[in-house]
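What follows is a short report on a single structure.
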Amino acid sequence: MDECGLERAVVCAGGTIDLDRLSRQLVEGGHVETDADNDAVLAACAGTDGRLVPFFFANPYRPPEVYRARAAEFRGLEVSPAVHGVALADPRVADLVAVAAEFDHPVYTVCLERPGAGVADLVTLGRRFPQVNFVLGHSGIGNIDLYALTLIQDEPNILLETSGGYTCVVEAALRRLGAGRVLFGSEYPLQHPTVELAKYQALRIPPEQWRQVAWDNAHRLLGEEKR
C-alpha cells in the first residue's frame, strides 16, 4: 500500500479455497462449506489505526446468528457464490443480508454466469433490501460485462467495483452510472494494485471523479464523514 500510495483498504479473508479449485468451480460449479478465517482479518486490521478496514466473510451454511454475533466487530459483509456455491437467490443469503441491514453494513459479492447467482439476481436482492448498499465486484461477470451496467443502471443501491474489468467497462460505468457509483478495487494479492491504478491513469479522468471513485464513495459506504 505504501509503495502504491494507497492510504486505506477494505480487507476480507482469503485462502478459504485454493486457487486451482476456485478456478475449476468457476467453470464447472461446486462449492466448499468451510469458514473463512475472519479472526485473522481482525488480527491483521488491529493496530492499523483504521487503515485496514475489516469485512466479515459469511458462510451461508452457518446460521445468520454467527454473523450477527460478530457483526459489530466488522464494517461490512462479503458473500461469495463462487466459494460457497450458495446462490444470491437463496434464502440463506437473504438472511445474511437482513443482518447486514441491522448493522448498516454494505454487502460485497461477485456474480457468476450460473442460475441464481447472476447480476439480475443481485438486482432482485437489492430491490428486496433497498436500505442496503451492495457492491458488485470485479466489474460484473468476466472482464467486458457491459450488460451488467445495463442491469444495475436503475438500481441506486448497487455500486460497481472495477478490479479485473477492462478500461472500456470502467469508462462506460463512469458514464452510465456516474462516478458516485463506481469504486476502485485492487483485488490484492491476486492482482497487484499498480495494474488497477494503471487503468484509471490510462483513462485520465478528472481529479474530482477520481476522488469519488478512490475515496469518497468508500467512505460513504462505510458510514464515515468525508476526509
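The values are calculated or read from the model by the stated rules, or taken from the named source; none is laboratory data. None of the values given here were measured: they were computed from a predicted structure. Neighbour counts run over all protein chains shown; Cβ positions are idealised from the backbone, glycine included. Note: accessible area is taken over every heavy atom of the protein model, side chains too, but ligands, DNA and RNA are not part of it. Shrake-Rupley method; radii C 1.70, N 1.55, O 1.52, S 1.80 Å.
Of all residues in segment 1-28, those satisfying the criterion of being exposed (fewer than 13 other Cβ atoms within 10 Å of the Cβ), small (Gly, Ala, Ser) and assigned to a loop (DSSP other than H, G, I, E, B) are Gly5, Gly15.
When you check Glu33 against the structure, is it farther than 17 Å from Leu190 by Cα, loosely packed, with under 13 Cβ neighbours inside 10 Å and in contact with a helix residue (DSSP H, G or I) (Cβ under 9 Å, 6 or more places away or on another chain), yes or no? Taking the combined requirement at face value, the residue satisfies it.
For segment 79-109, the set of residues classified as open to solvent by 30 Å² or more (accessible area, probe 1.4 Å) and either in contact with a helix residue (DSSP H, G or I) (Cβ under 9 Å, 6 or more places away or on another chain) or in a loop (DSSP other than H, G, I, E, B) (or both) consists of Gly85, Ala89, Asp90, Arg92, Asp95, Ala98, Glu102, Phe103, Asp104, Tyr108, listed by residue number.
Condition check: assigned to a loop (DSSP other than H, G, I, E, B), acidic (Asp, Glu) and closer than 28 Å to Arg8 by Cβ. Does Asp49 satisfy that? Considered against the rule, which asks whether it is assigned to a loop (DSSP other than H, G, I, E, B), acidic (Asp, Glu) and closer than 28 Å to Arg8 by Cβ, Asp49 comes out as yes. If you filter segment 36-68 down to residues that are of a type in the set (Gly, Ala, Ser) and surrounded by 12 or more Cβ atoms within 10 Å (Cβ to Cβ), you find that the one that is nearest to the chain's Cα centre (by Cα) is Ala58. Number of residues in segment 126-176 that are part of a loop (DSSP other than H, G, I, E, B), under 17 Å from Gln212 (Cα atoms) and open to solvent by 20 Å² or more (accessible area, probe 1.4 Å): the value is 2. For segment 191-211, the set of residues classified as open to solvent by less than 60 Å² (accessible area, probe 1.4 Å), farther than 16 Å from Cys4 by Cα and part of a helix (DSSP H, G or I) consists of Leu203, Gln209, listed by residue number. In this structure, is Ala71 open to solvent by less than 70 Å² (accessible area, probe 1.4 Å) and farther than 26 Å from Ala40 by Cβ? Considered against the rule, which asks whether it is open to solvent by less than 70 Å² (accessible area, probe 1.4 Å) and farther than 26 Å from Ala40 by Cβ, Ala71 comes out as no.
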